[in-house]
């Protein structure tokens, strides 16, 4: 596995992965790709995007997943994980865990003390919420009917010990 900064050539593959997960609306996919564009146009500003490619995926090293994160404005050491997605054909192989651990280590490296993740309570997000819980994240907040009726906003948090 290789985790590296996003490059313009990765944009379309990230779009494909987001669509293939079948969890996101078209509006959500558009928003996610806009954050990738922002990270490409303004590196190191608000959003940071990395991709995971697999050496065994052929000569072009196909991207298998990606992550988007950044510091939470006006806070001291708090970071947000905005997006994490892995090609559904590759889920269950630990790629999501690799990306999440990578982000946690990067946040620690930048003296971050807390990583927050917001997600939906839709039934289709059940595996996502279990993934965060298995990764040591605690549900710290739930706003009922936030996104739409019967679709709560769920916030997960992990406090990160400094190395």
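The values are calculated or read from the model by the stated rules, or taken from the named source; none is laboratory data. Bear in mind that the values here come from a model prediction, so they are computed numbers and not experimental data. Note that each Cβ is placed from the backbone with ideal geometry, even for glycine, and that neighbours are counted across all protein chains shown.
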Practice problem: Please work out which residue is nearest to residue 61 (Cα to Cα), limiting yourself to region 17-41 and to residues that are over 14 Å from the mean Cα position of the chain (by Cα) and touching a residue at least 40 places away in the same chain (Cβ under 8 Å). | Solution: 20
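Table: residues versus (1) part of a strand (DSSP E or B); (2) surrounded by 13 or more Cβ atoms within 10 Å (Cβ to Cβ).
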position: 45; (1), (2): no, no
position: 85; (1), (2): yes, yes
position: 96; (1), (2): no, yes
position: 118; (1), (2): yes, yes
Exercise. Working only within region 99-115, note down all residues that are in contact with a strand residue (DSSP E or B) (Cβ under 6 Å, 6 or more places away or on another chain), surrounded by fewer than 18 Cβ atoms within 10 Å (Cβ to Cβ) and under 23 Å from residue 86 (Cβ atoms).
Key: 102
Quiz item: Do we find a residue being free of Cβ contacts under 8 Å to residues at least 12 places away in the same chain and farther than 21 Å from residue 108 by Cβ anywhere in region 42-53?
Solution: yes
Quiz item: Is it true that some residue in region 59-76 is modelled with pLDDT under 95 and in a helix (DSSP H, G or I)?
Solution: no
Self-check item: Members of region 141-155 found to be free of Cβ contacts under 8 Å to residues at least 24 places away in the same chain and surrounded by 11 or more Cβ atoms within 10 Å (Cβ to Cβ), listed by number
Solution: 141, 142, 143, 145, 146
